[in-house]
Each structure stands twice: as structure tokens, then as C-alpha cells.
Amino acid sequence: MKNIVLLTGSSHPALARRIGESLGIEIASCTLGKFSNQETSVEIKDSVREKHVYIIQSGCGRVNDNVIELFILIQACRMGSAKRITVVTPLFPYSRQSDKSQKKRLPQHQIGTEIMSSLSQTSEASPSLPQGAFAQSFMGMSSAEGGYRQWCARAGTLIANLVQAAGADHLIAMDLHDPQYQGFFHIPVDLIYAEPCIIQWIRSEIPNWRQAVV
């Protein structure tokens, strides 16, 4: 594994150390900090030229700082002529905000009715916009008081685009809150599921696990 470099951000260094110990790889030297104006500072001490770099950074803790730090780490590796950059993010940042839009969607039994209603409605003022509650919720907008339409941002989609724009070649995530985010990437995405590991741990570490109550 001489051509593999393991880097970690400040989100979960203990996890990165455990991964490094399991693989027998030392974490590359990297200085993370803040300038006096609170801008993120990243300096990679070891060479990443022509190497496969794995960056471990999760979307936990101070999420916004961790996200910006991740982008700068990716860019630093790209500028350092890394051959391939893989982002390992156990908790993909901003992927849970789809709950807000999901709550505004209609119950399943009403979808068929609303589809037909939306198709049959027309708008003289804005004929290009879909009509009806179903169509509005599908596009991410909802009607507020006074007829104003609130547009709900898909922040997870933005993060996906920024990860790719920063220079990542591959993403490894764990139990995506919404599987649809996997389709927002143009780079390979591998999903790891926690359930098999949890089941194995329960069977090996908990006595009489068959009588246990979870």
C-alpha cells in the first residue's frame, strides 16, 4: 500500500486512526487550523504526487467548518498532483435536509388524484410552471399565506456538486439518509451499510443475544 495516502480532517480523527491501524497505514501529516479571520487553513506536509489519497471527513460536529475543510483538502491534493482522490464521509453532510421537503409531499393515496388534477389545471399567468399541490411539492415549492411560493433548497445536491468541483474522483458514504443523492454525482459512489456490522457485533459481543431486546 505504498501508493496510498490516508488523510483526515478535524471532524473525527479518532475514526481515521482506527482505520489506519486496521489497514496498517500511518495517517499523513497535515496541519489544520484557522487564520485570525476564522478562514480555514490546510497544509499537507507529505507528498501526494501520483498517489491514491483517501480523505476521511464526516458531516458531524461543526458541519459547516468540516465541509469547507473537506473542499480545501480535496483541492490541496489535486494541486499536489494526486493520482486519485477518494472522499470517505460516513455521514454525508446536508443529506438529511430532504426531510423538510418530504414532509410537504402528499400522502401516497392522494398522489394519483393530485397528478390528474395538476395535469388538468392551467395557468394564464405562468403556463410554464406546473400547477397543483403535487406539482409544486415535486419542484420544491410550497404555497404560503398570501399565495407566495416558498422554494426549498436541496442543500445535499449543492454539496455533491461542490465535492466534484473541488476535484474528488470517488465517494464512499455510509447509509445515505436519502438514496436519491447517489444519483446527483457524476463520479463513482459506493455505499456502505452499517446493518451487517451491527449484526455481527451483536452476535459476537452480546451473550444470549437471541433473548436480547433491542
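The values are calculated or read from the model by the stated rules, or taken from the named source; none is laboratory data. Just so we're clear, the structure is a prediction, and the values are computed from it rather than from any experiment. Here the Cβ is made from the backbone with ideal geometry for all residues, glycine too, and neighbour counts use every protein chain on show. Remember, those area values only see protein heavy atoms, side chains included, never the ligands or the DNA or RNA. Shrake-Rupley method; radii C 1.70, N 1.55, O 1.52, S 1.80 Å.
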Regarding ARG17, is this residue closer than 18 Å to ALA76 by Cβ and either open to solvent by 80 Å² or more (accessible area, probe 1.4 Å) or hydroxyl-bearing (Ser, Thr, Tyr) (or both)?
-> no
Is at least one residue of the stretch 44-59 within 20 Å of ASP169 (Cβ to Cβ), in a helix (DSSP H, G or I) and under 20 Å from the mean Cα position of the chain (by Cα)?
-> no
Just a yes or no: is a residue in the stretch 97-120 part of a helix (DSSP H, G or I) and either at pLDDT 90 or above or under 22 Å from ILE187 (Cβ atoms) (or both)?
-> yes
Of the residues in the stretch 1-45, those that are more than 18 Å from SER58 (Cα to Cα), among the charged types (D, E, K, R) and in contact with a strand residue (DSSP E or B) (Cβ under 8 Å, 6 or more places away or on another chain) come to GLU26, LYS34, GLU43, LYS45
Are any residues in the stretch 176-195 over 10 Å from the mean Cα position of the chain (by Cα), open to solvent by 70 Å² or more (accessible area, probe 1.4 Å) and not aliphatic (A, V, I, L, M), and if so, which ones?
-> PRO179, GLN180, HIS186, PRO188, ASP190, TYR193, GLU195
Is there a residue being aromatic (Phe, Trp, Tyr) and outside any loop (DSSP other than H, G, I, E, B) anywhere in the stretch 29-40?
-> no
